[in-house]
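These notes are about the structure you will find just below.
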Amino acid sequence: MVYLSRIYTRSGDAGETTLGDGSRVAKTHPRIAAYGGVDELNAVLGVAIAAELPRDFADRLRRVQNDLFDLGADLCVPESPDPAAHQQLRMTAAQVTAVECWIDEVNEKLTPLTSFVLPGGTAAAAHLHQARTVCRRVEIGVLELAGREPINPQVPIYLNRLSDLLFVLARAANAEGPGDVLWKPGGG
């Protein structure tokens, strides 16, 4: 359980912060950038949810927001050979599978694509496309961290699937409005 009685601690005033295992790192460390990006993605999803999404989309995206807190908690505690560290909250293959199932469920109702899709259409779709692009950037940051330090392999897999989910949700949001905005090569 989280209990916050004070919001500021002054412990980060010199440019360092504490990880979940108690170690201190610079706020510019790739691990901090990675889970900071996850926080930004979560906020962008909050904006998308507020953009008049269908109720079932909003309800499931709130579940995704909870998963993103799990993912941030996972990144906050570095991998360790110590068995106690593995008892920390970690992303699981089951969380990835849940996203894959939702992708399949939504995608089966959509018409196959014959062109790339431009971000836009309805306001809800545009917000979902923005969340998708933020998700891709966050995934890149997580992969940069993974190139330097071991991380839970489920973390980048989850983010990769999430960006796919956000794409199909944007398409579905457009199915209720003006439809997908298709790319016309050279036809700007």
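The values are calculated or read from the model by the stated rules, or taken from the named source; none is laboratory data. This one's a predicted model, so the numbers in the text were calculated from it and none came from an experiment. Every residue, glycine as well, gets a Cβ built from its backbone with ideal geometry; the counts of neighbours run over all protein chains shown.
Tell me which residues, restricted to the stretch 143-164, are in a helix (DSSP H, G or I), over 10 Å from the mean Cα position of the chain (by Cα) and in contact (Cβ under 8 Å) with a residue 40 or more places away in the chain.
Answer for the stretch 143-164, where residues must be in a helix (DSSP H, G or I), over 10 Å from the mean Cα position of the chain (by Cα) and in contact (Cβ under 8 Å) with a residue 40 or more places away in the chain: GLU144, LEU145, GLN154, ILE157, ASP164.
Has the stretch 116-136 got at least one residue that is modelled with pLDDT of 95 or more, surrounded by 19 or more Cβ atoms within 10 Å (Cβ to Cβ) and over 14 Å from ALA48 (Cβ atoms)?
no
Looking at SER80 and the list (1) of a type in the set (Ser, Thr, Tyr); (2) over 15 Å from LEU166 (Cα atoms); (3) not in a loop (DSSP other than H, G, I, E, B), which single condition is not satisfied?
(3)
Which of (1) under 18 Å from the mean Cα position of the chain (by Cα); (2) in a loop (DSSP other than H, G, I, E, B); (3) under 19 Å from LEU128 (Cβ atoms) does TRP102 not meet, given it meets every other one?
(2)
Which condition number in (1) at pLDDT below 95; (2) more than 23 Å from GLU105 (Cβ to Cβ); (3) in contact with a Pro (Cβ under 9 Å, 6 or more places away or on another chain) is the one that GLY147 fails?
Here GLY147 clears every test but (1).
Of the conditions (1) among the acidic types (Asp, Glu); (2) modelled with pLDDT of 95 or more; (3) not in a helix (DSSP H, G or I), GLU52 satisfies every one except a single condition; which number is it?
Every condition holds for GLU52 apart from (2).
Tell me which residues, restricted to the stretch 141-175, are loosely packed, with under 14 Cβ neighbours inside 10 Å and within 20 Å of VAL64 (Cβ to Cβ).
Once the filter is applied, which keeps residues that are loosely packed, with under 14 Cβ neighbours inside 10 Å and within 20 Å of VAL64 (Cβ to Cβ), the stretch 141-175 yields only PRO153.
Under the condition of being among the acidic types (Asp, Glu) and surrounded by fewer than 18 Cβ atoms within 10 Å (Cβ to Cβ), which residue from the stretch 31-68 is farthest from VAL155 (Cα to Cα)?
Only one residue fits best here, namely GLU52.
Do we find a residue being modelled with pLDDT under 95, on the phi > 0 side of the Ramachandran plot and surrounded by fewer than 17 Cβ atoms within 10 Å (Cβ to Cβ) anywhere in the stretch 18-26?
Yes, the conditions are met somewhere in the stretch 18-26.
Which residues, counting only those in the stretch 121-142, are in contact with an Asp or Glu (Cβ under 9 Å, 6 or more places away or on another chain) and either among the polar types (S, T, N, Q) or part of a loop (DSSP other than H, G, I, E, B) (or both)?
GLY121, THR122 - these are the residues of the stretch 121-142 that are in contact with an Asp or Glu (Cβ under 9 Å, 6 or more places away or on another chain) and either among the polar types (S, T, N, Q) or part of a loop (DSSP other than H, G, I, E, B) (or both).
Being farther than 30 Å from ALA172 by Cβ and at pLDDT below 95: is that true of PRO78 here?
So PRO78 passes the test.
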